[in-house]
1. Please report, largest first and rounded to whole Å, the three semi-axes of the ellipsoid equivalent to region 38-126, where each semi-axis is the square root of five times an eigenvalue of the C-alpha gyration tensor.
2. Between Arg222 and Thr117, take the C-beta separation as r, use R0 = 35 Å, and let me know the FRET efficiency to the nearest 0.05.
3. Under the 0.36 nm per residue contour assumption, what length would be gained going from the current alpha-carbon distance of Asp99 and Arg15 to full extension?
4. Give the separation of the Cα centroids, region 96-127 to region 54-85, in Å.
5. Any chance you could run the full-extension gain for Asp109 through Arg199? It's 0.36 nm times the residue separation minus the Cα-Cα distance, nm to one decimal.
6. Can you tell me how much longer the chain between Arg90 and Thr177 gets when fully stretched, taken as 0.36 nm per residue apart minus their C-alpha distance, in nm with one decimal?
7. If you add up the charges near Arg54, with Lys and Arg at +1 and Asp and Glu at -1, over every other residue whose beta carbon is less than 15 angstrom from its beta carbon, what do you get?
8. Taking the highest mean first, how do the peptides 93-99, 104-110, 36-42 order by number of other beta carbon atoms within 10 angstrom per residue?
Amino acid sequence: MHGVSAEPHVTPGLRTVPVQRRSAARLARILDACAELLDETGYEELSTRAVATRAGVPIGSVYRFFGNKRAMADALARRNLDSYAARVERRLAAIPAADWRSAIDAVLDEYLAMKRTVPGFGLVDFGTRIPAGPPGPAPATGADLAPEPEPVPDANDRVADRLTALLAAQLRRAPDTTLRRTVLVAVEAADALLQLAFRTDASGDPDIIAETRELVRAYLARTLG
C-alpha cells in the first residue's frame, strides 16, 4: 500500500497538544486510566479526579489537556480509531490488491479483536456509545471544570473516512464519493449488527458475526467486486 499514513491525527479538543515525549507519555497514561475506569465504573461515575488518581498525575495535568470528561472520552475514541486504522493498514499490507474479500475480513477482524481486548472500547469504541445528555453546571469538586459540550461528530463518519482512504489505496482506485458512500453504508450496517452480536453474547455471538460478514461482503460486491 502506498500514500496512506496510519499516524495519529492531532486530536481536536485538546487544550494543549503535547510536544515533548514526557508530556505525550503523561497524556497516554491519562487516556489509559480513563479507559480502565470506563470498564470499571461506567461513564456516569467517571470523573477527571478519579482519572488523575488512577494515572498517578496531578489533577491539573488532566485539566491541562481536557476541560471535562466528555472531551477526555472523545480523545480516547480518536486514539482508538488511530490504533484501528494502523492495525488495518498492517493487515492490508500482506493482502493482494485484488483480494477485496480478504481486505474486508481484515477490517472486521481487527474491530472484533479490539472489541474483545481493548479497555474502555465497549463504551467508547470510536465515539458512539456514550449518550450526550443535556449540558449542565460542573460539579464543585472531583469532576469537570466545564459543562458537557454538544455531541461530537458522528463516529461512523470518522470510521468511513479512514477506511475509504485505506481501501482506496489497497484496491488502487480513487477514494471518490461513490466509494465513500458505499463504505459508510457498510460501516453503519456492520455497526448495528455487531452491537447486536455483543448484546447477545459478551464475546460476540459467532452466528450473528458470521451473518454480518456475509451481509457486508454481499453489499460491497456491487462496488468492489
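Every number here is computed from the coordinates shown, using simple stated rules; none is lab data. Keep in mind that what you see is a predicted model, and the values were worked out from it rather than measured. Because the Cβ atoms are built from the backbone with ideal geometry, glycine has one as well, and the counts that use them run over all protein chains shown.
1. For region 38-126, the ellipsoid semi-axes come out as 33, 13, 9 Å.
2. So the FRET efficiency works out to roughly 0.60.
3. Working: separation 84, 0.36 × 84 = 30.24 nm, distance 4.27 nm.
This chain segment gains 26.0 nm when fully extended.
4. 22 Å
5. Values: separation 90, 0.36 × 90 = 32.40 nm, distance 1.80 nm.
Residue separation times 0.36 nm, minus the Cα-Cα distance, leaves 30.6 nm.
6. Working: separation 87, 0.36 × 87 = 31.32 nm, distance 2.49 nm.
That pair, Arg90 and Thr177, stretches by 28.8 nm at full extension.
7. Working: positive: Arg26, Arg29, Arg49, Lys69; negative: Asp32, Glu36, Asp39, Glu40, Glu45.
Summing Lys and Arg as +1 and Asp and Glu as -1 gives -1.
8. Numbers: 93-99: 11.6, 104-110: 19.6, 36-42: 15.9.
Going from most to least packed, we get 104-110, 36-42, 93-99.
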